[in-house]
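Below: one structure, written as structure tokens.
The values are calculated or read from the model by the stated rules, or taken from the named source; none is laboratory data. As the structure is a prediction and not an experimental result, all values here were calculated from the model. Every residue, glycine as well, gets a Cβ built from its backbone with ideal geometry; the counts of neighbours run over all protein chains shown. Accessible surface areas use protein heavy atoms only, side chains included; no ligands, DNA or RNA. Shrake-Rupley method; radii C 1.70, N 1.55, O 1.52, S 1.80 Å.
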Amino acid sequence: MKDYRGYSFWLETCDDDLTPRPPLDGSIDADIAILGAGFTGLWTAWYLLLKEPSLKIAIVEAEIAGFGASGRNGGWCFSGFPVSPLALLESHGYDAARLVSLEMHKAVDEVGRVTREEGIDTHYAKGGELEVARAPYDLPKLQKMYDEFRAIGLEDHHQLLDARETRDRINVAGAVGSFWNKEGAAIQPARLARGLARAVERLGATIYEQTRVTDFAPAPHPSLTTERGTVRARAVVLAGEAYLSALPKLNRAIIPVTSHMVVTEPLSDELWEQIRWRERDVLGGFGINGGYINHTADGRIAFGAYRGTYPYKSRITDQINLDEDIFDHARQAALDWFPMLKDVRFTHAWGGVFGMPRDHMPTMTYDRTTGIAAAYGYTGEGVATANLSGRVLTDLITETDSPLTMLPMTQRRKARWEPEPLRWAGVTFVRHGRMRMLKNVERQRKYPEKPTLAQRLYDF
Ligand SMILES: Cc1cc2nc3c(=O)[nH]c(=O)nc-3n(C[C@H](O)[C@H](O)[C@H](O)COP(=O)(O)OP(=O)(O)OC[C@H]3O[C@@H](n4cnc5c(N)ncnc54)[C@H](O)[C@@H]3O)c2cc1C
């Protein structure tokens, strides 16, 4: 049997029994059939059961609850959304752009509120999100972030800090300024996924683990087909994020992209004295050594590298989680941010996949005529967004008239990835182009005046 503890530091230390629940054994009927026991599937089940406690919900999971990105991510539960406020303003107008941000703020608080009420200790600490510029040429990026929120009237939630104010908050080498977003919390993500799984079971849902869905069917008989039987339901929810690309019907809807993390041993009090970082804000930054960084509740630093790769034909294997070059890079980048870590041991390294849609926009849809609902495509910003998905899908499926059902993500779109091998060639070209651009920026100490070809093909 697989040792699921080995898939991330978070799964190893979540204090839950990771022994798989029984698989599906034969065909069953349910009201709602959900593919995937990650944040999206679990939040959807939780909100549906809150609204209609008598619903019979079956969640079908290929491995165990929290096996995917939900059990391996950076623990940034923050209001960042894959489409920026300005892009939303231009494409969908002021009210829609503002509502998306406000609902993302609410998502961060919902994760805190529900877990408190359900007795799930996710080590939730709402210290905000701090994006640090470590070179003067990155300062305009901070200003742009602030201006985007001002354009939708939400600048009150954000603050620009100068070099001294940034250093007072956290001692990052070379910091010249930062952007602080108060809508961010650090969490232990596997504790959230595992705790939510137990919470939905308490509400009456059944989770079938080690049961892979091989196909799904629309009305007149919405269903999930598995290797061990079929789940027939009134509505089917596709909540498999990057892994959905393995289903032939969704192969071009989403691609998997890897992300890798390392974590230190617990740091001494003297080191924390030097680093400060008392509020446990989630911490991020730009450039070659940029990353997403978490001050864990047990006093470690977890560092995630921005070095995503795309596996040819979207093939997700355990092998792609283990990239020694990226682990090395992440350890070096962590030292570059915090030189005082030079004698500290890194104890764990792991990777996972997130889903990336062709047009950046997450999907949160339900088609009443087919009985198929889906929520995916968060491009590495899914911890809080998945909570929003759960609330949106619940209102859509229960036909509740709410502003959530009008959000831009609920509109069906046609953006599909190119077929292979064009897809792999394109994504790889953009990835290398981005690295080349960042290296040039570091050498020339400025960004190119015009977007590069790679950026024009897929803006990042
Ligand atoms: C290393 C890493 C770091 C990240 N850091 C952050 C961060 O700090 N903040 C943030 O906001 N986001 C982050 N993300 C993204 C975030 O973790 C995800 O967007 C989020 O967890 C998605 O949740 P999900 O439930 O939709 O998908 P997942 O957690 O991937 O869950 C999907 C589940 O579906 C199951 N499944 C898939 N296909 C099938 C099938 N055919 N049959 C049955 N079951 C199936 C999988 O086994 C899996 O358990 C990160 C992602 C990675 C990989």
Taking the Cα centroid of the range 212-234 and of the range 350-421, what is the distance between the two, rounded to the nearest whole Å? 20 Å
Taking the Cα centre of the chain as origin and charging only Cβ (+1 Lys, Arg; -1 Asp, Glu), how large is the dipole, in debye to the nearest 20? 1240 debye
Solvent exposure ordering (accessible area, 1.4 Å, most first) of K414, K446: K414, K446
Mind jotting down the distance between the C-alpha centroids of the range 31-94 and the range 112-131, whole Å? 16 Å
Two pseudo-spin positions, 7 Å from Cα along C-beta at K144 and at K446, lie apart in nanometres by 1.6 nm
Hey, if you put +1 on the Cβ of every Lys and Arg and -1 on every Asp and Glu Cβ in the chain, which of P85, G66, L267 ends up farthest toward the positive end of that dipole? P85
Suppose the chain between S27 and D318 were pulled fully straight at 0.36 nm per residue; how much longer would it get relative to their current alpha carbon spacing? 101.8 nm
Relative packing of peptides 121-130, 42-51, 342-351 - highest average C-beta neighbours within 10 Å first: 42-51, 121-130, 342-351
Restrict the search to the range 392-460; then list the GluC sites (Glu not before Pro) that DSSP places in a loop and that have at most 11 other Cβ atoms within 10 Å of their Cβ. E399, E449
The range 192-298 accessible area per residue, 1.4 Å probe, protein heavy atoms, integer Å², reads 37 Å²
Students often forget the sequence filter, so: which lysines lie under 26 Å Cα-Cα from K313 once same-chain residues fewer than 8 apart are removed? K2, K249, K414
So which trypsin sites (Lys or Arg not before Pro) in the range 261-311 pass both tests, a DSSP loop state and at most 11 other Cβ atoms within 10 Å of the Cβ? R278
Heavy-atom SASA rank of Y292, Y312 (probe 1.4 Å, accessible area, largest first): Y312, Y292
Share of the chain's accessible area from carbon and sulfur, percent, 1.4 Å? 51 percent
Could you tell me what percent of the DSSP beta bridges with both partners in the chain are antiparallel, to the nearest 5? 70 percent
Checked the range 159-282 against the a/c 1.5 cut and the a/b vs b/c comparison, axes a ≥ b ≥ c from its Cα gyration tensor; verdict prolate
Solvent-accessible area per residue for the range 308-460 (1.4 angstrom probe, square angstrom): 51 Å²
For the range 340-411, compute Rh as the Kirkwood radius over C-alpha pairs and then the Stokes-Einstein diffusion coefficient at 20 °C and 1.002 mPa s; write the answer in µm²/s, rounded to an integer. 150 µm²/s
Which shape class, rounded, prolate or oblate, goes with the range 145-229 when its Cα gyration tensor gives a ≥ b ≥ c as root eigenvalues, a/c under 1.5 marks rounded, and past that a/b bigger than b/c marks prolate? prolate
Going by alpha carbons, how many degrees (0 to 90, nearest 10) lie between the helix axis of 385-397 and the longest principal axis of the chain? 30 degrees
